[in-house]
Amino acid sequence: MTSPRVNVDGVDVSPDHFINGRRVASKHTFEDRSPLDWTWKLADVARGTSLEADLAVRAALTAFPPWAALGVDGRGVFLDRLANLIDDHIESIAHVECLDMAMLEDSLRLRVIARGARNFRAYAQLARDYEARRWSSNGTDNVVLRHSAGPTVVITPWNAPFMLSTWKCAPALAAGNTVILKPAEWSPLSCSLLMDLVDEAELPPGVFNVVQGFGEEVGAALVNDKRVRRISFTGSPETGRIIGEAAAKNLVPFTAELGGKGPFIVFADADLDAAAEKAAVMFDDAGQVCLAGTRLLVEESIFDAFVARLRVATSQHVLGDSRDASTTISPLIHPEHFSRVKGFVDRARAHGDTILFGGDEVSHQGLWFQPTVIEPLSNNSEVVQREIFGPVLTLQRFADEDNAVRLANSTPYGLSAVIYTSSHERAERVGQKVLAGTVWVNCFLVRDLTAPFGGIGISGIGREGGDYALDFYSDLTTLQIKEGTTHG
Ligand code: NAD
């Protein structure tokens, strides 16, 4: 059974799952609304259960052997074709994702969706380029072989759903695994569009499936399924723990990219204009960016000069409709998330933290929240220690390098860090001491897809990116042949 496709502001989108190469409806649906106007219902989306989870795992299991047998070159043909199709459909995917999660349409159109195509292209090539490690030791010739692992469950969050999903699914598919993707229920539509392209690219049925629905329902059914051989998750540490338990129970390798609370450290020798401008970039996408440096740590001697510049840079932001090119700050994704962000700010105020600027919702009808900077009473303030995932930064001062590093490493998170300094020596010295999966110096969000990516502490388990991801999605075998074994 399939449901009629829905017209989402000019783009036809299926509200159904995509299982075994076909659209599949569910008995129940859930409402998907636009953060740009909460009265605007975009679609009633299929609400998967253990039934659809089972169908999808069965399909992925059946499709696995022939997909794995195709080898890197055979699979690469399909993945390159899919990448080209994504490039051809950037406009429509960007438009739907903008309506669905309210990320700025221009940024989706010019940057984010194209990264989805790059993910498939890059991983298809990296898998082809793999050179097995070969060496001799202990009287044997050794070689490390990569085998495809099996059906892989990928669970993704609501922010940048298309890019983040492709970032995880591309290496899994390139490694020869079949995939069941469960996108977040707050922004499910762009991944449905991806399945139209999977169909058009003629990936064999069952190789790449999407099931829609709630995490505690269909998500839980998927991650607890014993037939699944890899689980890859991006989302909050709380959900990461739950999924990690399921993975541990079934002894399934599990990777998790979780929340962040990155420090943004500004030393006195930094280019202050550049640092303040970049700090104001942390409000982009309404701060719903795991990698953002949300704890501003500023050297005492330039504190006032930096804050003056930050105030100016922040005042340039324009809150508005994410479809308008002039808008720089979109609404938050969902009323529930809006209340969560506002709750942090309200509690900070009540607790005695100083709201330096911002701090208010903009309209009671809309989901916009002002860019906000809070000077906390102490490093223990909740706003310093917990991820807010909204346009809220904290601002603290430090006396010297040691003090900066201590503050930087004082939360349980460790996803990313940003450092501004003009000294290369300091960059190396501090960069080595800051506990974060990625440390950017005098830049932000510059990504090389072959670099390891992940978090320390409660920010994640394992590394994705380049060969790290391909290794994770593969079973590695060490083949040892006694030296002198004759050929033929
Ligand atoms: P979330 O943990 O609430 O949900 C993420 C996904 O998990 C959703 O698809 C949800 O349906 C699913 N889920 C929930 N419970 C489940 C269960 N019991 N079993 C299986 N699946 C379940 O996170 P969110 O609110 O969607 O996303 C925001 C979080 O994601 C933030 O913490 C953010 O920092 C993090 N994030 C991290 C990265 C990264 O690369 N490290 C990137 C983006 C977002």
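The values are calculated or read from the model by the stated rules, or taken from the named source; none is laboratory data. Nothing here was measured: the structure is a model prediction, and the numbers come from that model. In this analysis, Cβ positions are derived from the backbone assuming ideal geometry, glycine residues included, and neighbour counts consider all displayed protein chains. Just the protein is used for accessible areas: all its heavy atoms, side chains included, with ligands, DNA and RNA removed. Shrake-Rupley method; radii C 1.70, N 1.55, O 1.52, S 1.80 Å.
Of note:
- On Cα atoms only, tilt of 335-351 relative to the major axis of the chain in degrees: 40 degrees
- Each pair of Cα atoms in the chain enters the Kirkwood radius, and Stokes-Einstein at 10 °C and 1.306 mPa s then converts it into a translational diffusion coefficient of 68 µm²/s.
- Long-range HN-HN contacts of residue 213 with modeled amide H, under 5 Å: 48
- Folded to 0 to 90 degrees: helix 424-433 orientation relative to the chain principal axis, Cα: 70 degrees
- Under-5 Å amide H pairs with residue 393, H placed in peptide plane, nonlocal only: 372, 373, 374
- Charge tally for residue 15 (other residues, Cβ to Cβ under 14 Å; Lys, Arg +1; Asp, Glu -1): -3.
- Taking the DSSP bridge list for the chain and keeping only pairs wholly inside it, about 50 percent are antiparallel.
- The Cβ shell under 15 Å around residue 384 holds other residues with a net charge of +3, Lys and Arg each +1, Asp and Glu each -1.
- DSSP beta bridges in the stretch 291-430 [antiparallel fraction, %, rounded to 5]: 30 percent
- Based on C-alpha pairs under 8 angstrom that are at least 6 apart in sequence, the stretch 192-261 has a relative contact order of 27 percent.
- Solvent-accessible surface of the stretch 111-236, taken per residue with a 1.4 Å probe and all protein chains present: 30 Å².
- Note: relative contact order over the chain, using C-alpha pairs below 8 Å and six or more positions apart, is 17 percent.
- Only Lys, Arg (+1) and Asp, Glu (-1) charged, at Cβ; the stretch 263-441 dipole about Cα centre in debye: 340 debye
- Percent accessible area from carbon and sulfur atoms, the stretch 293-343, protein chains only, probe 1.4 Å: 52 percent
- Over the stretch 263-441, relative contact order from alpha-carbon pairs under 8 Å, at least 6 apart, %: 28 percent
- Translational diffusion coefficient (Stokes-Einstein; Kirkwood radius from C-alpha pairs) of the stretch 263-441 at 25 °C, 0.890 mPa s, in µm²/s: 150 µm²/s
- Hits among lysines - C-alpha to C-alpha of residue 249 under 22 Å, sequence gap 8 or more where chains match: 182, 226
- On Cα atoms only, tilt of 90-101 relative to the major axis of the chain in degrees: 60 degrees
- Helical contribution to [θ] at 222 nm, DSSP H n ≥ 4, -39,500 (n - 2.57), averaged over the chain, rounded to 500: -11500 deg cm²/dmol
- Once the 1.4 Å probe is applied to the protein heavy atoms, the stretch 263-441 comes out at 39 Å² accessible per residue.
- Under 30 Å of direct C-alpha separation, and excluding same-chain neighbours fewer than eight residues apart, residue 433 reaches these lysines: 168, 261, 278.
- Expressed as a whole percent, the accessible area of the stretch 2-132 that falls on carbon and sulfur atoms is 52 (1.4 Å probe).
- Computed magnitude of the charge dipole of the chain (debye, nearest 20; Cβ of K, R +1, Cβ of D, E -1): 1320 debye
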